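**Q** The structure under discussion is supplied below as structure tokens; questions concerning it will follow.
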Amino acid sequence: MKVMGRWSAKTVDVKADGTGLSSRAGTSLLALVADRVGLTDGLCEALQDTRERRSAHDPGRVFCDMAVMLADGGRCVSDIQAIAGQSSLFGDVASISTARRVVRSVSASELEGIRAARARARGRAWDAGAAPERVILDFDATPIDVHSEKEQAAGHYKGGFGFNPLLVSCGRELLAGVLRPGNAGANNADDHLELLDLALEQLPASALDGDILARSDSAGASHDLADACRETQIRFSFGYPLTEPVRDALSGLAQSAWQPAIEKDGRPREGAWVTELTGLVNLEGWPEGTRLICRRERPHPGAQLSFTDVDGHRFQCFITDQADPDVATLELLHRQHAQVEDRVKTLKATGAGYLPFHDFAANAAWFELALTAHDVMVFTQLLTLDGEHQSCEPKRLRYRILHVAGHLTRHARRFTLHLPADWPWAGAILRAFERLQALPSPG
């Protein structure tokens with residue numbers, strides 16, 4: 001009989017007496033990348049005033065360890081034990097009570113310091129090769145449900161109960177976010193203006209001098225935000241509601257006014273057409289040069305039409321002040337705003353989907369912690385990994401790269417992390433550590 005790859009519990013003795021062992025050898029990449037881009041040092045500086053005594057854990061390092069924990073898959077403060085029990089890789093990690101105390105000590109001034117530390121780390125990461133091809137700021141709101149009474153939790157627009165934070169992403173990264181009560185409006189112009197300022201503070205100086213585009217759905221289409229974009233020399237592309245004047249303009253268009261929409265590779269998008277309505281609809285009040293563009297598309301099978309749909313087609317409109325005469329290219333660019341949904345999903349998978357505190361201020365600090373964890377994970381993917389692991393979702397990254405067993409040994413004053421020889425993705429992990437060593441040290 002062939003020997004099967006399983007053993008009977010009756011024939012094997014199990015003991016918890018191993019040393020130098022880790023079930024999260026790949027997770028050490030996250031902590032090392034945070035150190036290499038200067039995030040750990042920046043957080044230590046930002047939270048130094050909250051340190052009660054010199055002999056205690058540095059609050060900034062505790063905050064960074066918690067960010068690594070969230071990127072690793074943790075959901076609450078007590079999950080920090082998962083890396084605290086791996087001292088051979090992560091060193092002396094704070095206790096649950098200390099970690100909780102650090103989060104609760106974060107006030108408005110500390111939040112500013114944490115954001116500044118994230119911005120400096122982002123600048124180093126972009127210099128090392130993590131910069132996106134183009135700076136496009138995508139605004140979006142997303143509900144976070146809670147299942148107990150929490151301060152400022154309320155019913156939100158999706159029918160649930162909890163919070164309604166507003167976020168802005170750039171490429172793979174989430175630059176900034178503001179935790180808001182559940183009943184906060186998705187189209188609150190003041191919140192969008194605050195978030196625009198926070199997002200610009202996260203960008204390196206070199207990016208501020210280049211071309212920047214702000215994108216949003218119709219909830220972000222406000223005159224105040226458009227005016228702010230014009231003042232800061234940022235182009236905008238906002239969703240626009242299908243109002244009665246827009247429907248009247250569409251009904252009077254000839255078929256020849258429509259041209260095929262396109263896909264990313266330049267091929268025509270099946271069953272979709274675009275046209276420009278500038279001059280047919282009154283855009284008074286919007287910045288000079290604002291254009292109105294519309295996409296007409298056949299609904300997907302099974303989709304429910306609304307009373308605003310005409311002739312069995314769906315219509316999506318947006319306004320922009322971009323000067324490109326090719327409306328199909330502009331429509332494609334605006335349609336790619338949908339990728340912000342993936343960024344929101346990833347953020348919720350790195351801690352933002354669970355707000356563990358009752359106090360709103362503590363949950364706001366936790367939300368910033370989740371943004372920091374998202375930074376650490378994305379920087380690690382972009383700077384050290386390749387292939388599909390450079391863009392895969394957190395679940396796959398953890399299953400293949402982060403949660404791999406390892407054995408740490410020491411010989412001749414050097415440490416060696418031994419990975420399983422037959423692990424299918426051992427090569428990807430080895431290449432990641434090689435790229436990590438090549439990254440410039442902070443300072």
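The values are calculated or read from the model by the stated rules, or taken from the named source; none is laboratory data. These figures come from a predicted structure and were not determined experimentally. A quick note on method: Cβ atoms are made from the backbone with ideal geometry, for glycine too, and the neighbour counts reach across all protein chains shown. In case anyone asks, the SASA skips ligands and DNA or RNA and just uses the protein heavy atoms, side chains included. Shrake-Rupley method; radii C 1.70, N 1.55, O 1.52, S 1.80 Å.
**Q** Report, by residue number, each residue of the range 118-127 that is surrounded by 16 or more Cβ atoms within 10 Å (Cβ to Cβ) and farther than 17 Å from G351 by Cβ.
**A** Hits for the range 118-127 are A119, R120, A121, R122, G123, R124, A125, W126.
**Q** Here is a further query. Tell me which helices (runs of 4 or more DSSP H) are completely within the range 51-110 and hold 2 or more residues being out of contact with any Asp or Glu (no Cβ under 9 Å at 6 or more places or on another chain) and open to solvent by 30 Å² or more (accessible area, probe 1.4 Å), or say none if there are none.
**A** Fully inside the range 51-110 and qualifying: 87-90, 96-104.
**Q** Could you list, in sequence order, all residues of the range 420-432 that are under 16 Å from R398 (Cα atoms), open to solvent by 40 Å² or more (accessible area, probe 1.4 Å) and of a type in the set (A, V, I, L, M, F, W, C)?
**A** Once the filter is applied, which keeps residues that are under 16 Å from R398 (Cα atoms), open to solvent by 40 Å² or more (accessible area, probe 1.4 Å) and of a type in the set (A, V, I, L, M, F, W, C), the range 420-432 yields W423, W425, L430.
Each row is one residue, and each column tells you yes or no for (1) over 21 Å from I114 (Cβ atoms); (2) open to solvent by less than 20 Å² (accessible area, probe 1.4 Å); (3) in contact (Cβ under 8 Å) with a residue 12 or more places away in the chain.
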{"residue": "T320", "(1), (2), (3)": "yes, yes, yes"}
{"residue": "A352", "(1), (2), (3)": "no, yes, yes"}
{"residue": "A364", "(1), (2), (3)": "no, no, yes"}
{"residue": "V378", "(1), (2), (3)": "no, yes, yes"}
{"residue": "H389", "(1), (2), (3)": "yes, yes, yes"}
{"residue": "R400", "(1), (2), (3)": "yes, no, yes"}
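**Q** Something else about it: Do you know which residues across the range 223-257 are under 22 Å from D324 (Cα atoms) and of a type in the set (S, T, Y)?
**A** Selection gives T232, S237, Y240, S256.
**Q** Determine whether L332 is within 30 Å of P241 (Cα to Cα), open to solvent by less than 40 Å² (accessible area, probe 1.4 Å) and within 16 Å of the chain's Cα centre (by Cα).
**A** no
**Q** May I ask you to list the residues in the range 134-151 that are surrounded by fewer than 17 Cβ atoms within 10 Å (Cβ to Cβ), acidic (D, E) and touching a residue at least 40 places away in the same chain (Cβ under 8 Å)?
**A** Matches in the range 134-151: E149, E151.
**Q** On to the next question. Where the second residue is among the charged types (D, E, K, R) and part of a strand (DSSP E or B) and the first is touching a residue at least 24 places away in the same chain (Cβ under 8 Å) and lies in the range 226-242, which pairs have Cβ atoms under 6 Å and are six or more apart or on separate chains?
**A** Sorted first by the residue in the range 226-242, then by its partner, the pairs are S237/R215.
**Q** Determine whether A130 is touching a residue at least 40 places away in the same chain (Cβ under 8 Å), closer than 25 Å to G42 by Cβ, open to solvent by less than 40 Å² (accessible area, probe 1.4 Å) and of a type outside the set (D, E).
**A** It is true that A130 is touching a residue at least 40 places away in the same chain (Cβ under 8 Å), closer than 25 Å to G42 by Cβ, open to solvent by less than 40 Å² (accessible area, probe 1.4 Å) and of a type outside the set (D, E).
**Q** Go through the range 152-163 and give me each residue that's open to solvent by 40 Å² or more (accessible area, probe 1.4 Å) and within 16 Å of Y354 (Cβ to Cβ).
**A** F161 - this is the single residue of the range 152-163 that is open to solvent by 40 Å² or more (accessible area, probe 1.4 Å) and within 16 Å of Y354 (Cβ to Cβ).
**Q** Restricting the search to the range 143-171, which residues are among the β-branched types (V, I, T) and assigned to a loop (DSSP other than H, G, I, E, B)?
**A** The answer is V146, and nothing else.
**Q** Evaluate the following for F238: is it farther than 28 Å from G113 by Cα and in contact with a Phe, Trp or Tyr (Cβ under 7 Å, 6 or more places away or on another chain)?
**A** Yes; evaluated as a whole, the condition is true for this residue.
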